Each structure stands twice: as structure tokens, then as C-alpha cells.
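Written out below as C-alpha cells is the structure these notes cover.
The values are calculated or read from the model by the stated rules, or taken from the named source; none is laboratory data. For clarity, every value in this text was computed on a predicted model and none was experimentally measured. Note: ideal-geometry Cβ built from the backbone for every residue, glycine included; neighbour counts use all protein chains shown. We work out accessible area using only protein heavy atoms, side chains counted, and drop any ligands, DNA or RNA first. Shrake-Rupley method; radii C 1.70, N 1.55, O 1.52, S 1.80 Å.
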Amino acid sequence: MGDFPNVIYLLSMDRDVVTRALEEVHDCDGYEYLEKIIQVTFEIPELRKNKLHKVFFFLN
């Protein structure tokens, strides 16, 4: 990755899956590893399938 001025990287991931993978590969605490990389987190709640269907098909 480049260190470009005014560039922000957006990571979309399942934190539990990534931390488990980091623990297996690097033999360390995955949460601590991610804390060194990620500066700000935004938790997005899971969207229910019926709500998603309403959004895409404009149903009430």
C-alpha cells in the first residue's frame, strides 16, 4: 500500500473472521494486531433479509 497524502483506506470486514485468521497465521492476538492497523472503526448492524428485499424492490 502506498502512503499517499489525503488518501483514506476503507476496510470492510467481519472482525471475528479476520481476527481468527490473524491468530492462526501470525500466532498472536488478532484483536491487538488489528488495533495497530485500524485507527477508527464503524460498526454496521446486520441487515435482515426482508428489510434488504424492501430496499431493493421498493415494497412497504
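How much of the accessible area of the chain, probe 1.4 Å, is carbon plus sulfur, in whole percent? Roughly 56 percent of what the probe reaches on the chain is carbon or sulfur. Taking a sphere under 14 Å around the Cβ of ILE37 and counting the other residues whose Cβ falls inside, with K and R at +1 and D and E at -1, yields a net charge of -2.
Tell me the per residue accessible area of the chain using a 1.4 Å probe; a whole number in Å² is fine.
Values: 6330 Å² over 60 residues.
I get 105 Å² per residue for this part.
With K and R counted +1 and D and E -1, the other residues having a Cβ less than 13 Å from that of CYS28 yield a net charge of -4. Near GLU46: Cβ cut-off under 14 Å, other residues only, Lys/Arg at +1 and Asp/Glu at -1. The net charge is +1. In terms of packing, defined here as the mean over residues of other Cβ atoms within 10 angstrom, the peptides 41-52, 18-29 line up highest first as 18-29, 41-52.
Computed from Cα positions, the angle between helix 15-26 and the longest principal axis of the chain comes to roughly 30 degrees. Each principal axis of the chain carries a Cα extent, and these read 47, 33, 16 Å when sorted largest first.
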